[in-house]
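Asker: Here it is: the structure, laid out below.
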Amino acid sequence: MISGTDAARLLLRGVVGGTMIAHGVRHARTLNGTAGSFSSVGFRRPGAQAVASAVVEIGAGTALAAGAATPLAAAAVVGRDGCRGAFGPPAERILRPGRRL
């Protein structure tokens, strides 16, 4: 019998992993659009970063959904989302006065 905690973990891994896979596949199918989007917000190497983003999203999502190397896969998901802050433009270029989020 599976416990409630184990069921919740399985559901969370499946949902987050599936979301990352879908997002990565979308990026992979539209690399030029993804690179253009990255370029518009100031990424320095948008083409390479679009490819890296797709690869990390698909790989981490697959590992997370499968339960393989879960801590590493979760760290990759968090790290991928944090890369905008580390390598992207300064916050004042993203959050302009009067711009709604």
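The values are calculated or read from the model by the stated rules, or taken from the named source; none is laboratory data. Remember, predicted model here, so these are calculated numbers, not experimental data. Here Cβ is always computed from backbone atoms with ideal geometry, including for glycine, and neighbour counts include all displayed protein chains.
Asker: Looking at VAL78, is it in a helix (DSSP H, G or I) and at pLDDT 90 or above?
Answerer: On the way: in a helix (DSSP H, G or I): yes; at pLDDT 90 or above: no.
No; evaluated as a whole, the condition is false for this residue.
Asker: What number goes with the only condition from (1) at pLDDT 90 or above; (2) surrounded by 13 or more Cβ atoms within 10 Å (Cβ to Cβ) that ARG29 does not pass?
Answerer: (2)
Asker: Regarding ALA8, is this residue more than 17 Å from the chain's Cα centre (by Cα), of a type in the set (Gly, Ala, Ser) and at pLDDT 90 or above?
Answerer: Values: more than 17 Å from the chain's Cα centre (by Cα): yes; of a type in the set (Gly, Ala, Ser): yes; at pLDDT 90 or above: yes.
Yes: the conditions hold for ALA8.
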